[in-house]
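Participant: One structure, pasted below without further comment.
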Amino acid sequence: MNGGLVRLTTLLGRVFLALIFFVSAAGKLADYGGTVGHMTSQGVPMAKFLLAGAVFFEIAGGLMVLLGRWARFGALLLVLFLIPTTLVYHDFWGYTGVERTAQMLQFMKNLAILGGLLMVCAYGSGPLGFDGRRRR
């Protein structure tokens, strides 16, 4: 792959990875009380506190990945957020029928996002991130 294409694809990859976390954080903030209620109904203890942490991880980690500044650390924050979220909210093994399929798809989508984040952890932001500029 030529250099220009590598720069473009790594930048787009970071943008697409970050975007889902920004949208998710915005949704949580738009209905904070409802989100706390949903978390509580899922058996999550200290829901208000953990929700604040989730929003922080999504925004801070998303910004780090998007900007390519401390991208590896930001991706790690998002990995640490995504693992328990996936296991608690997309436990497809506890469902049957259509709902099982829907939850399995969400689970697999999160695994794909985890894969992308692990690539950022391994390889960094690429040449168009702030981290890439420091290496030059």
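The numbers here are math on the coordinates, done by the rules we state, and not lab data. Computed from a prediction, not measured in an experiment: that's the story for all the values here. Note that we place each Cβ from the backbone using ideal geometry, even for glycine, and neighbour counts take in every protein chain shown.
Participant: Arranged by the count of other C-beta atoms within 10 angstrom, fewest first, what order do ASP31, ASP91, ASP131 take?
Facilitator: ASP31, ASP91, ASP131
Participant: Any chance you could list P(r) for the chain, counting all Cα-Cα pairs in 10 angstrom bins from zero, rounded to whole %?
Facilitator: Over the chain, the share of Cα pairs per 10 Å bin runs 12, 37, 32, 14, 4, 0 percent.
Participant: What are the equivalent ellipsoid semi-axes of segment 42-119, built from the alpha-carbon gyration tensor (square roots of five times its eigenvalues), in whole angstrom, biggest first?
Facilitator: They are 25, 17, 8 Å, listed largest first.
Participant: Could you calculate the contour length gain from LYS48 to LEU12, that is, 0.36 nm times the residue separation minus the distance between their Cα atoms, to one decimal place in nm?
Facilitator: That pair, LYS48 and LEU12, stretches by 9.6 nm at full extension.
Participant: Of the peptides 53-60, 75-82, how do they stack up when ordered by the mean number of other Cβ atoms within 10 Å, highest first?
Facilitator: So the order, starting with the most tightly packed, is 75-82, 53-60.
Participant: Something else: Could you work out the local net charge near PHE56, counting Lys and Arg as +1, Asp and Glu as -1, over the other residues with Cβ closer than 15 Å to its Cβ?
Facilitator: Counting the neighbours of PHE56, the net charge comes to +1.
Participant: Rounded to the nearest 20 Debye, what is the dipole magnitude of the chain about its Cα centre when Lys and Arg each give +1 and Asp and Glu each give -1 at the C-beta? Write down the numbers at each step before the final one.
Facilitator: Numbers: 12 positive and 5 negative charges, 146 e Å.
The calculation lands at about 700 debye.
Participant: Put +1 on the Cβ of each Lys and Arg and -1 on the Cβ of each Asp and Glu in the chain; which of GLY94, GLY33, PHE57 then has its Cα farthest toward the positive end of the dipole?
Facilitator: Going by the Cα projections, it comes out as PHE57.
Participant: Which order do the peptides 63-74, 103-114 take when ranked by the mean count of other beta-carbon atoms within 10 Å per residue, highest first?
Facilitator: Those peptides, ordered most packed to least, come out 63-74, 103-114.
Participant: Now for a different question. If a helix is a whole DSSP H run, which ones in the chain reach 18 Å or further along their own axis (Cα) and hold a mean Kyte-Doolittle hydropathy of at least -1.0?
Facilitator: The answer, listed by residue number, is 3-30, 47-67, 71-89, 97-123.
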